[in-house]
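The block underneath contains the structure these notes are about, expressed in structure tokens.
Throughout, read-outs are computed from the coordinates displayed, never taken from laboratory work. Because the structure is predicted, anything quoted here is derived from the model rather than measured. Quick reminder, even Gly has a Cβ in these numbers, built from the backbone with ideal geometry, and neighbours come from all protein chains shown.
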Amino acid sequence: MVVHVVIAAGVTDLLSGFGINTIAFLSQLVSFGVVFFLLWRWGLPAVTKMIDKRNAVIAEGVENAEKARKALEDAKKDAEQLLLDARRQGQEAIAQATKAAENEANRIQEEAQARARQIEQQQIERIQQEAARARAELNRLVVNLTINAASKVISKSVDSSDNRRLVEEFVASSSGSGNDGQAKEQ
């Protein structure tokens, strides 16, 4: 114990030489030790626990951010796929509409051509009917003119029914040869 007292006296002289109050220094040293022990025993675990919780919150935030980033990438991919599908469907719809329009145009054109052929055929038939009526009327006029001319030329001995029969035979034979010529012209 004497050694301790001598060391303490030597330390006290040394500290006094630097202008340090030895009793105040020792009381501060004991106070620091008590505070350090209290903080180490109860404060440090509380601070460590708080830091661990904060680290867990940060790690969860990082994990959620990573999940959100992946979800965003997936959503972008899905949106791009939807756009591609929509474009493809739009192009298919346009192609189908174009094809339907072409088919309808062809159908209308074919109907118009068929109607034109039908009208043309009807006009040809009407012209042929008109020509036949005109020939018949011309034959009737020729017969009447021939009868009138023949009646003036021929004497009264031949009656009018014989005249008519002779003229009709003449017209029939001349119109038969005339119809052959018209048939050849057509």
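Which aspartates and glutamates have a Cα less than 17 Å from the Cα of Lys53, not counting those fewer than 8 places away in the same chain? Cross-link targets: Glu63. Once you put a point 7 Å from the Cα of Leu83 and another 7 Å from the Cα of Lys53, both along the Cβ direction, what distance in nm separates them? Here the answer is 4.6 nm between the modelled labels.
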